[in-house]
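Read through the structure below, which is laid out as structure tokens, and then see the notes.
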Amino acid sequence: MDRRQFVFTSAASLLAGALRPAELRAAPRAMELSPEFKRLKAPGTGRLAVQLTSGQAQCYPLYYFIPSITRDGRYLVYHRAAKGELQLYRLDLRTAESVQLTHATCADTQWRPWCVDSGRGVLDHRSVLNVARGLVVYFDGNRVHAVNVETLEDRVLLEIPADREAYGQNGCTPDGNWLAYIHVPRGSIWGKPCKGAAVVAYHFDTGQQRTLCRIDSAVFHVTAYGNEHFVVTHPAEKPGMLLTDLTSGRCELLRDGVVHCPSTQRGIAYEVPEERRLGLMDPLTRRRLEFPMPSQFQYIHTGWDPEGRIFFYENSTDSDRFDVHDMYALVRLDRQGENHEWLRLTGSWPTYVGGQKAHFHAQITPDRRWILFTGGDPASQTCHMFLLDIADLGDSQGIGPDRLEPLPQTTG
């Protein structure tokens with residue numbers, strides 16, 4: 001098969017307010033997708049899918065609220081769990097060659113209670129790609145490293161005190177200046193009493209650290225919204241998304257009941273499972289739009305489109321043997337009634353092993369040509385990385401920042 005050329009825009013421009021208009025108009029970068037990757041048809045819909053990894057391992061990107069693809073579109077940074085070891089690798093999308101990035105030795109890498117144990121190595125699901133600087137931040141126990149994706153040069157950034165530990169999934173600001181991460185008293189776990197969980201920002205140039213806020217719960221996501229604000233989820237007593245920033249020291253509730261909430265250029269996309277509602281919110285103005293989930297949705301993850309133009313969702317159900325997943329995109333939101341239009345992107349696609357490694361955790365690639373996701377490979381009975389062709393999809397209609405409305409007023 002001939003090589004195919006795809007154009008990627010800079011992943012440094014993912015969030016609202018991150019870059020100046022001139023930078024947003026910078027020329028996109030081209031990327032080649034190796035012909036060595038296996039092409040197949042997605043179950044149920046026949047869409048083109050490309051399998052990026054294979055074999056007796058669990059392979060999955062960095063968590064889907066944050067980028068995994070480098071600025072030039074060449075490398076995909078991912079986890080590989082095999083034979084009792086978990087390390088980070090870079091996949092060259094032009095050549096299909098994988099190179100090991102980390103050589104961590106931490107004996108306990110499990111992300112409790114959300115994932116299965118993968119043995120020794122990097123702390124699971126806590127690594128971050130700093131797209132602007134070409135660095136991958138990873139946690140080898142309490143020692144936090146940065147490895148250069150191109151040169152493989154590795155250095156220690158900081159060390160977390162011995163009586164505390166890194167707990168949540170972390171993120172970098174689009175300008176590359178700040179790492180936001182979560183640490184908690186050692187032994188803390190979500191759902192149990194925890195005093196003094198801290199959301200902290202580290203500056204890559206100065207080494208300065210700022211405690212953005214403290215929460216009495218082992219919260220487990222912090223992601224950047226632009227270069228100064230951060231979305232945190234969620235307290236143990238009740239699901240919800242919160243907002244903090246570099247200077248205020250406060251952490252304010254944006255919406256209770258929220259579970260997954262990726263940040264986009266046009267607001268935060270989210271779901272409220274108990275109310276069976278989906279939404280989009282501007283966290284700075286608190287304006288929002290919400291609409292009902294389709295009846296076929298069960299346990300879902302809101303997919304991440306960094307530009308906030310396509311709203312799509314991973315839907316999953318438990319079975320006796322493995323999780324089964326499919327994906328849906330919102331074609332059109334009917335603002336006058338309930339006649340919303342949805343498109344099923346895949347039929348039932350199994351995953352294996354369990355935990356966070358067995359969710360699609362779907363995100364749109366920077367060129368908007370593909371959805372990157374983690375799916376099951378029946379040949380190995382493990383999970384691997386795939387691309388799903390969405391070149392035919394237009395923007396979701398009837399939803400966007402111009403449709404957001406003020407929160408309902410309450411009377412006391």
Q. Which of the following residues is in contact (Cβ under 8 Å) with a residue 60 or more places away in the chain and either more than 19 Å from residue 116 (Cβ to Cβ) or hydrophobic (A, V, I, L, M, F, W, C) (or both): 326, 377, 392, 402?
A. 326
(Q) Out of 335, 344, I need the residue that is among the charged types (D, E, K, R) and in contact with a strand residue (DSSP E or B) (Cβ under 7 Å, 6 or more places away or on another chain). Which one? (A) 344
Q. Is there any pair linking a residue in region 55-75 that is of a type in the set (A, V, I, L, M) to one that is not in a strand (DSSP E or B), with Cβ under 7 Å and at least six apart or on different chains, and which?
A. 62/68; 62/127; 69/11; 69/365; 69/366
Q.
Go through region 101-111 and report how many residues are within 21 Å of the chain's Cα centre (by Cα) and either surrounded by fewer than 16 Cβ atoms within 10 Å (Cβ to Cβ) or touching a residue at least 60 places away in the same chain (Cβ under 8 Å) (or both).
A. 1
Q) Are any residues in region 203-241 in contact with a His (Cβ under 9 Å, 6 or more places away or on another chain), surrounded by 21 or more Cβ atoms within 10 Å (Cβ to Cβ) and assigned to a strand (DSSP E or B), and if so, which ones? A) 221, 231, 232, 233, 241
Q: With the checklist (1) more than 23 Å from residue 264 (Cβ to Cβ); (2) modelled with pLDDT of 95 or more; (3) touching a Gly at 6+ places or on another chain (Cβ under 7 Å) in hand, flag the one item residue 124 doesn't pass.
A: (3)
Q: Quickly run through region 112-128 and pick out the residues that are surrounded by fewer than 21 Cβ atoms within 10 Å (Cβ to Cβ) and touching a Leu at 6+ places or on another chain (Cβ under 8 Å).
A: 119, 120
Q: State whether one or more residues within region 250-268 are free of Cβ contacts under 8 Å to residues at least 24 places away in the same chain and under 20 Å from the mean Cα position of the chain (by Cα).
A: yes
Q) Quick one: what pairs do we get from region 339-356, first residue over 24 Å from residue 381 (Cα atoms), second among the aromatic types (Phe, Trp, Tyr), C-beta under 8 Å, 6+ apart or different chains? A) 340/291; 342/328; 343/328; 344/328
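The values are calculated or read from the model by the stated rules, or taken from the named source; none is laboratory data. This one's a predicted model, so the numbers in the text were calculated from it and none came from an experiment. In this analysis, Cβ positions are derived from the backbone assuming ideal geometry, glycine residues included, and neighbour counts consider all displayed protein chains.
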